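The values are calculated or read from the model by the stated rules, or taken from the named source; none is laboratory data. Nothing here was measured: the structure is a model prediction, and the numbers come from that model. Virtual Cβ from ideal backbone geometry, glycine too; neighbours counted across all protein chains shown. Quick note on the areas: whole protein, heavy atoms, side chains included, nothing else; ligands and nucleic acids left out. Shrake-Rupley method; radii C 1.70, N 1.55, O 1.52, S 1.80 Å.
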Amino acid sequence: MPTLQAGVSGQNVGDQWNGYPVSGPITSRFGIIDDAHPQPHSGNDVACDAGTLVRAPFAGQVVLVSRFGDGVRWTEIFGNSAVIRGEDGMRCLTAHYQDPPAVTVGQSVQAGDVLGAAGSTGQSTGVHVHIGLSDDSNPNFSKDEDGGVTRLLDAMTHLSPLAPAAPTPTRRGYASELVASAQIVAQMIERDALAIGVDAMLDHVIATVGALKASGGG
Ligand SMILES: [Zn+2]
């Protein structure tokens, strides 16, 4: 069974999501019916601050990128979003980024690579990341005809504490992360949205520069 790659702690505790693609309280579980989801929820919602970096849960290739306002039905629901596909065919959707994803279709990503920054675009009532999981039998994350989610997977139960630890970042990895962060900061500045999450973003850039320096010539 393919697994999402565990984050720092490698475990989900209660309603707290601690792994990639983002950490935070789970505000809506997979399959649940609530005020925001009159039909069973197709993923897990994780609340976080605007601008929080969203990361690839496993290595793979970017197979879909949506840009809010493109007029596509998918985007009306998921806003700015990205889907990555692992070698085993597992597909992870992360949705509602504040800006278009920092990655492009066809791009290869490693576990932990930055895909974008959390926001609330599309059908969303507050800043969160929607994490959907499917495989090659259902590449478009389709629901059942009656709105059910039997053809989708619950990302939370697929996140195993036994998953291998995130690879030790390489100098090249830090460099690509800096590029992704810089793109996100540039998008924020372009939108004149400096007040939204930019402190967290700059902290991340500073930490990444420090790590890049410390990594020496590796
Ligand atoms: Zn959701």
Practice task
Place the peptides 129-139, 22-32 in order of packing, highest mean first, counting for every residue the other Cβ atoms within 10 Å and averaging per peptide.
Solution key: 129-139, 22-32
Exercise for the section: Sticking with the crude label model, points 7 Å out along Cα→Cβ, report the distance from GLU87 to SER108 in nm, one decimal please. Expected result: 1.0
Exercise for the section: Please work out how much accessible surface LEU202 shows to a 1.4 Å probe, ignoring ligands, DNA and RNA, in Å² rounded to 10. Expected result: 80
Problem - Sites SER215 and THR157, calculated FRET efficiency, Cβ-Cβ separation with R0 25 Å, nearest 0.05 - result: 0.10
Problem - Fully extended contour minus Cα-Cα distance, from ASP136 to ARG73, at 0.36 nm per residue - result: 20.6 nm
Practice task
Would you mind computing, in nm to one decimal, how far apart the modelled labels at ILE33 and LYS143 are, each placed 7 Å from Cα along Cα→Cβ?
Solution key: 1.1
Handout entry: Overall form of segment 16-134 per C-alpha gyration tensor (a/c, 1.5; a/b vs b/c)
Key = rounded
